[in-house]
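Here is the structure we will look at, set down as structure tokens.
Computed from the coordinates by the stated procedures, all read-outs in this text should not be read as laboratory data. If you're wondering where the values come from, they're calculated on a predicted model, not measured in any experiment.
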Amino acid sequence: MNTLSNISKRYPNDEAAVQIGIKPSTLNLWRTQRKGPDYIRVGRRVYYTQEQIDAFLAANTVRLQDERA
């Protein structure tokens, strides 16, 4: 588990949305619906780490079954 002391880079909502490939407004909506990647809240600001973004993308990767097997 990450602690704030070992987090190297934090991305604001707009930058995280670009990395995920969605609009910032979609990421805002997902957050209110408790969807999307984990995030860090500092006061009113929201940040995402690269690890949180990568974990979200990995968890939502669809693996296709090889039909030849």
query = Can you work out ³J(HN,Hα) from phi for every residue in the stretch 48-56, in order, using Karplus 6.51 cos²θ - 1.76 cosθ + 1.60 and θ = phi - 60°, giving whole Hz and x for Gly and Pro?
reply = 10, 8, 4, 4, 5, 5, 4, 5, 5
request  = Collect residues whose amide H, placed 1.01 Å from N in the peptide plane, falls under 5 Å from the amide H of V46; neighbours closer than 5 in sequence don't count.
outcome  = N13
